[in-house]
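Accompanying notes for the structure given below.
The values are calculated or read from the model by the stated rules, or taken from the named source; none is laboratory data. Here the structure is a predicted model, which means the values were calculated and not measured. Cβ sites come from the backbone with ideal geometry, for glycine too, and all protein chains shown count toward neighbours.
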Ligand SMILES: NC(=O)c1ccc[n+]([C@@H]2O[C@H](COP(=O)([O-])OP(=O)(O)OC[C@H]3O[C@@H](n4cnc5c(N)ncnc54)[C@H](OP(=O)(O)O)[C@@H]3O)[C@@H](O)[C@H]2O)c1
């Protein structure tokens, strides 16, 4: 068994929890330390995530986190980066911080490779759709692309992008879109109740529809799927005609665009 690398996770909120809970890959390949402003909160986090035998608390003094020869996973709020002094140079810094560029990050934390991630909350079930941008800063050592991808794939699927700006763009497709889909699910549940189904019946039918849809989407384009279930003059096309008249597709694109713009604004606002 090769020696484990060290992974320092900074932050113990929802995203850290989603990534680490039941993550076999990370705990097989890394010795994991959790760090952050409040060590008593880290203990609670370790218990909540069931990591008592797997992760250790990294106590910090004078706001200093030693990172030499370690990998670091930043999971704090964007302004949280300023709360710490990172001592030494990390191998890889993985950051989920929305709106914090690698240029900004590199002013506070030194690393051979910077990796920006835009995961989504499906990391909890190891199904996050995660855009990944990798920027090497060390010309001597080549980037270990395989292990970067393996780490990100450990909580879902990594989609590598070749331009940092596309990390924000992925807020449209995946970062925020689960909430948009939740709104659609809620509308369909309401519609079922409106038509006479009970709440539990409507919820069960919508959940199963989403599950079936997700599976079919793996092999079929949405467009092909739409036509496959729209018979001429039939029920589905009658409903689709209303959605087109009401501009649902345009509204969804506008909403996604607004979410990306908001990330850009937050990135520019004083931290
Ligand atoms: N949730 C998502 O779906 C999602 C998706 C993509 C990216 N992200 C990114 O993930 C990061 C964490 O989000 P989250 O959902 O996990 O938030 P969260 O549950 O609110 O957790 C925030 C974490 O940041 C720490 N923190 C907050 N303010 C801080 C400060 N000023 N200095 C140091 N630490 C501070 C908190 O600890 P204390 O306040 O106790 O110190 C906590 O550990 C954010 O940067 C966000 O942009 C989240």
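Points to keep in mind about this one:
- Residue match in the stretch 60-74 (condition: within 20 Å of residue 268 (Cβ to Cβ), in contact with a strand residue (DSSP E or B) (Cβ under 9 Å, 6 or more places away or on another chain) and not in a helix (DSSP H, G or I)): yes
- Contact annotation: residue pairs with Cβ atoms under 8 Å, 6 or more positions apart or on different chains, pairing a residue in the stretch 224-253 that is in contact (Cβ under 8 Å) with a residue 12 or more places away in the chain with a partner that is part of a loop (DSSP other than H, G, I, E, B), are 240/230.
- Test: residue in the stretch 76-83 that is touching a residue at least 40 places away in the same chain (Cβ under 8 Å), outside any helix (DSSP H, G or I) and either on the phi < 0 side of the Ramachandran plot or more than 13 Å from the ligand (Cβ to nearest atom) (or both): yes
- Here residue 224 fulfils each of the conditions (1) crowded, with 16+ Cβ neighbours inside 10 Å; (2) part of a helix (DSSP H, G or I) apart from (1).
- Scanning the stretch 16-29 turns up at least one residue that is more than 20 Å from the chain's Cα centre (by Cα), within 21 Å of residue 111 (Cβ to Cβ) and surrounded by fewer than 22 Cβ atoms within 10 Å (Cβ to Cβ).
- Of the residues making up the stretch 105-142, those that are more than 16 Å from the ligand (Cβ to nearest atom) and either assigned to a loop (DSSP other than H, G, I, E, B) or not assigned by TED's automatic domain parsing to the domain that holds residue 15 (or both) are 137, 138, 139, 140, 141, 142.
- Hits in the stretch 23-39 - residues which are over 17 Å from residue 91 (Cβ atoms) and assigned to a strand (DSSP E or B): 34
- Looking only at the stretch 45-54, and only at residues there that are touching a residue at least 12 places away in the same chain (Cβ under 8 Å) and farther than 16 Å from residue 74 by Cα, the one that is nearest to the chain's Cα centre (by Cα): 49
- Yes/no for residue 126 being closer than 16 Å to residue 20 by Cα and more than 22 Å from the chain's Cα centre (by Cα): no
- Residue 145 at pLDDT below 95, assigned by TED's automatic domain parsing to the domain that holds residue 14 and either more than 16 Å from the ligand (Cβ to nearest atom) or under 30 Å from residue 73 (Cα atoms) (or both): yes
- With respect to the stated conditions, residue 26 is more than 13 Å from the ligand (Cβ to nearest atom), closer than 21 Å to residue 113 by Cβ and in contact with a strand residue (DSSP E or B) (Cβ under 9 Å, 6 or more places away or on another chain).
- When residues of the stretch 190-208 are limited to those that are under 17 Å from residue 243 (Cβ atoms) and part of a helix (DSSP H, G or I), the one farthest from the chain's Cα centre (by Cα): 194
- Residues of the stretch 125-138 that are buried (at least 18 other Cβ atoms within 10 Å of the Cβ) and at negative phi: 128, 129, 130, 131, 132, 133, 134.
- Matching residues, the stretch 1-22, being in a loop (DSSP other than H, G, I, E, B), under 23 Å from residue 78 (Cβ atoms) and more than 10 Å from the ligand (Cβ to nearest atom): 21
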